[in-house]
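See below for the structure under consideration.
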Amino acid sequence: MAMDALILVANPGSASRKYALYAGEKERAALHFEYESGHVICSVEADGEVHRADIALASVTEAAGEAERLLREQGWLATDEQIERIGLRVVAPSGFFLYDHVMNEDVVMRLKALRPRAPLHIDATLHEYKKLRKYFPAVPVVGISDSAFHITKPDYAWNYGLPLVDSDRLELKRFGYHGLSAASVVRTLHVHGKLPPKMIVCHLGSGASVTAVWHGKSRDTTMGYSPLEGLIMATRAGSIDASLVPILKAELALNDAQLDSYLNEQSGLLGLSGSSSDIRELLDREANGDHYAHLALETYVYNIQKAIGQMTAALGGADVLLFTGTVGERSAAIRERVMQPFHYLDFILDHLANGQCVAPSVPTGISRLAHSRPVFVVPANEAAEIARRTKQLE
């Protein structure tokens, strides 16, 4: 591939689609399709500015074709230029999908075979791939693993307490996710000369996880076989006692698909509060005396604090604590609450610096200088990581 090869990044979510156009390692523009008040909107970011584009889509699932139109219409993709590769984020539980693959019939069949095990995430990947093939039929698509970063975990961090003969045969392992986010912030700190031996990465967004990073490599993470395990999230339950599954199915009369939806889309902050999965709205409700919003937020924060303790133990200490993801980058209130008990690890918040830090573009310190180990807020850049690996894969 040429040094300035044009790469389109596709990052499908359950209710959104994100795209970015790269020339080599330089981002030209980023597009974010999502729902607002029942309508599909598109935010466009280029040259440090964000604006809303005029679109007419009934569903975000049709966004791929609109993405190319907007890129050409706005001049970021010239008439005589062609996209040479597409990088597609893949979230799928298996040893095969711990690696990146050029998408072909065999890879698609493997995804379809895994679909019953992780329908929500694999459905989004398969649907997006189908649309990319429709709108870009001649462009190679590379499936980029969201788990690959965690391949460095030690053997004992992969297994559940199940008979090993069964978990090996059925590939029931703790694969971990948010690997693209973790890899991107590790790369950012390395470039800025701030990468320590022992780092805790708190990715807090609609999905959430905490990862232990040892000399730039994953040692362990809270997500396991699927992105459902670990922390309480926006609408995901996080880790629950396995004995609750048959009870929920029986008492609520749920089939397998309904149970999957219940745990992934109706639980978490939404289920605990009974009103919202949005951190900002819950903070407002809490301030107005909503007990359930307060309980949801306290439970959410407590789970993150416990996970930081787990990952600190996995590393035998922590040199740096890092926040990333939409909530981690934007919510000073949540960061402050998460940080409260960690004086014993020598992580002490600078309340002024924390309050002033909202969606920074570079690693930003929020800890007390000379009194604390470093605490950073670092913007995740999954798109850049996908583009880099799409370009590398032969």
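Key figures for this structure:
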read-out: Elements of type helices (runs of 4 or more DSSP H) in the range 85-174, at least 2 residues being under 17 Å from the mean Cα position of the chain (by Cα) and not hydroxyl-bearing (Ser, Thr, Tyr); value: 119-135
read-out: Single residue of the range 79-124 satisfying the filter (β-branched (Val, Ile, Thr) and within 25 Å of Asp4 (Cβ to Cβ)) that is most open to solvent (accessible area, probe 1.4 Å); value: Thr79
read-out: Residues being in a helix (DSSP H, G or I) and not aromatic (Phe, Trp, Tyr) - total across the range 328-366; value: 19
read-out: Close pairs (8 angstrom Cβ cut-off, 6 or more residues apart or separate chains): surrounded by fewer than 16 Cβ atoms within 10 Å (Cβ to Cβ) in the range 255-268, among the β-branched types (Val, Ile, Thr) anywhere; value: Leu259/Val245; Gln266/Thr235
read-out: Long-range neighbours under 8 Å by Cβ, at least six apart or interchain, first residue at pLDDT 95 or above within the range 91-115, second surrounded by fewer than 19 Cβ atoms within 10 Å (Cβ to Cβ) and assigned to a strand (DSSP E or B); value: Val107/His101
read-out: Per-region count, the range 60-78, residues open to solvent by 40 Å² or more (accessible area, probe 1.4 Å), over 26 Å from Ala118 (Cα atoms) and in contact (Cβ under 8 Å) with a residue 60 or more places away in the chain; value: 1
read-out: Residue in the range 169-178 that is over 30 Å from Pro374 (Cβ atoms), hydrophobic (A, V, I, L, M, F, W, C), open to solvent by 10 Å² or more (accessible area, probe 1.4 Å) and out of contact with any Asp or Glu (no Cβ under 6 Å at 6 or more places or on another chain) present; value: yes
read-out: Failed criterion for Ser206 (all others in (1) modelled with pLDDT of 95 or more; (2) in a loop (DSSP other than H, G, I, E, B) hold); value: (1)
read-out: Residue identified as among the basic types (Lys, Arg) and touching a strand residue (DSSP E or B) at 6+ places or on another chain (Cβ under 6 Å) among Arg285, Arg280, Arg335; value: Arg335
read-out: Members of the range 288-316 that are open to solvent by less than 80 Å² (accessible area, probe 1.4 Å), more than 19 Å from Asp346 (Cβ to Cβ) and under 22 Å from the mean Cα position of the chain (by Cα); value: Ala296, Leu297, Thr299, Tyr300, Val301, Asn303
read-out: Yes/no for Ser276 being free of Cβ contacts under 8 Å to residues at least 24 places away in the same chain, outside any helix (DSSP H, G or I), of a type outside the set (Phe, Trp, Tyr) and in contact with an Asp or Glu (Cβ under 7 Å, 6 or more places away or on another chain); value: no
read-out: Those residues of the range 218-233 which are in contact (Cβ under 8 Å) with a residue 60 or more places away in the chain, closer than 27 Å to Gly13 by Cβ and charged (D, E, K, R), in sequence order; value: Asp220
read-out: Near pairs, Cβ below 8 angstrom, 6+ apart or cross-chain, from the range 321-347 (free of Cβ contacts under 8 Å to residues at least 40 places away in the same chain) to any residue that is among the aromatic types (Phe, Trp, Tyr) and surrounded by fewer than 24 Cβ atoms within 10 Å (Cβ to Cβ); value: Met339/Phe347
read-out: Close pairs from the range 178-204: first free of Cβ contacts under 8 Å to residues at least 24 places away in the same chain and over 25 Å from Arg337 (Cβ atoms), partner assigned to a helix (DSSP H, G or I) and open to solvent by 10 Å² or more (accessible area, probe 1.4 Å), Cβ under 7 Å, at least 6 apart; value: Leu195/Val186
read-out: Pick from the range 18-51, criterion out of contact with any His (no Cβ under 7 Å at 6 or more places or on another chain), of a type in the set (Ser, Thr, Tyr) and open to solvent by 20 Å² or more (accessible area, probe 1.4 Å), ranking: nearest to Tyr135 (Cα to Cα); value: Tyr35
read-out: Any hit, the range 52-59, residues being open to solvent by less than 50 Å² (accessible area, probe 1.4 Å) and under 30 Å from Phe175 (Cα atoms); value: no
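Conditions (1) of a type outside the set (S, T, N, Q); (2) closer than 30 Å to Pro227 by Cβ; (3) modelled with pLDDT of 85 or more; (4) part of a helix (DSSP H, G or I), marked per residue:
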residue: Lys18; (1), (2), (3), (4): yes, yes, yes, no
residue: His51; (1), (2), (3), (4): yes, no, yes, no
residue: Thr61; (1), (2), (3), (4): no, yes, yes, yes
residue: Leu71; (1), (2), (3), (4): yes, yes, yes, yes
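Yes/no matrix, rows are residues, columns are (1) among the aliphatic types (A, V, I, L, M); (2) under 27 Å from Gly179 (Cα atoms):
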| site | (1), (2) |
| --- | --- |
| Gly13 | no, yes |
| Glu34 | no, yes |
| Cys42 | no, yes |
| Glu45 | no, yes |
| Val50 | yes, yes |
| Leu70 | yes, no |
| Ile86 | yes, yes |
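The values are calculated or read from the model by the stated rules, or taken from the named source; none is laboratory data. Computed from a predicted model, the values in this text were never measured in an experiment. All Cβ positions, even for glycine, are placed from backbone atoms using ideal geometry, and neighbour counts span all protein chains on display. SASA here: full protein model, heavy atoms, side chains in, ligands and nucleic acids out. Shrake-Rupley method; radii C 1.70, N 1.55, O 1.52, S 1.80 Å.
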